């Protein structure tokens, strides 16, 4: 069974304010659906067919449970497949814990999709989706320097276990490896994993796993929330200009652009309306990712000072895109 990254699911108390930050960054809103008392959801993104999904109340039972322990944030990663029932049966038979059994998603009597849920070893939610009578518009990639969704990240105390889980059960391929042994045992650093359908033109998207040791961006998130989906990342040819334009439009800054020669890339950070971190970085050379995906071997390796500890701007919540949202903040 082949799995393909489909979307990253956010929970938010206000879909319009939350997506407003990503629109200001340069994302495209591809679909907006609202029905009072039934559903409130928006889809959008940039540069790849993997979407950002924003869901507002009323929420599903598992999402209400999530909010008892976590803030409004990235709740889940969804992967599509051809047969959800078979995929769910295979995963649970292999010992992957169930979040919920396959259920149809029906609107006006039409089954648009069938979805099931499973848990990662850390308790992260993973959606399995089979699309049936639905076709959500998905952004197309423009020039490589344009804004493009690149990866979603989660932080964990056990990087090696997390990597093995995704590779074994979902067929992901490692395309980046910046890891090294911890002195007391275990693994520190980060890896990037792509699905079997990786394509630098239209489906360049990865799952990043950070574990063992953390910097000033991810460390406080792990200390506060434990294992969680902690940030979303976009590439842009002009990171500094993209960051500044977003800030000028009311997106709250987290860390200013800085160049890191270890990776030959510029990285900058923003907060979204709910406080989730948004990373901006220079595009990864297409051939590097494609070659690593095809061969299953990463061409890069550990950098001793990968923990760069960039200067962090504490969240104020007073930008024009967040102040109204913060007044109704859940946690």
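Some observations on this one:
- Pair residue 30, residue 223: separation of 7 Å Cα→Cβ label points (nm): 3.8
- Semi-axis lengths, Å, the range 4-131, gyration tensor of Cα atoms, sqrt of 5 times eigenvalues: 24, 16, 16
- Between residue 133 and residue 61, the contour length at 0.36 nm per residue exceeds the alpha carbon distance by 23.5 nm.
- Antiparallel bridge percentage (DSSP; both residues within the range 148-295; nearest 5): 75
- When 274, 14, 238, 287 are arranged by Cβ crowding within 10 Å, least crowded first, meaning fewest neighbours, the order is 287, 238, 14, 274.
- When the range 77-227 is reduced to its Cα atoms, the Kirkwood hydrodynamic radius in Å: 17.2
- Counting only DSSP beta bridges with both residues in the chain, the antiparallel share comes to about 75 percent.
- Theoretical ellipticity at 222 nm over the chain - DSSP helices of four or more residues, -39500 (n - 2.57) apiece, nearest 500: -6000 deg cm²/dmol
- Prolate/oblate/rounded call for the range 72-113, Cα gyration tensor, a/c under 1.5 rounded: oblate
- Under the Debye formula (equal points on every Cα, no solvent term), log10 I(q)/I(0) of the chain at q = 0.07, 0.13, 0.14, 0.16 Å⁻¹: -0.26, -0.99, -1.17, -1.62
- Each label point was placed 7 Å from the Cα along the Cα-to-Cβ direction; for residue 94 and residue 300 their separation is 2.7 nm.
- Using the average count of surrounding beta-carbon atoms within 10 Å as a protection proxy, the listed peptides 194-202, 74-82 rank, highest first, as 74-82, 194-202.
- Sorting 124, 254 from the fewest to the most surrounding beta carbons within 10 angstrom yields 124, 254.
- Across the range 165-210, Cα-Cα pairs more than 15 Å apart make up 49 percent of the total.
- Principal axes of the range 148-295: Cα extent on each, largest first, Å: 43, 37, 28
Coordinate-derived values only; no laboratory data. None of the values given here were measured: they were computed from a predicted structure. Virtual Cβ from ideal backbone geometry, glycine too; neighbours counted across all protein chains shown.
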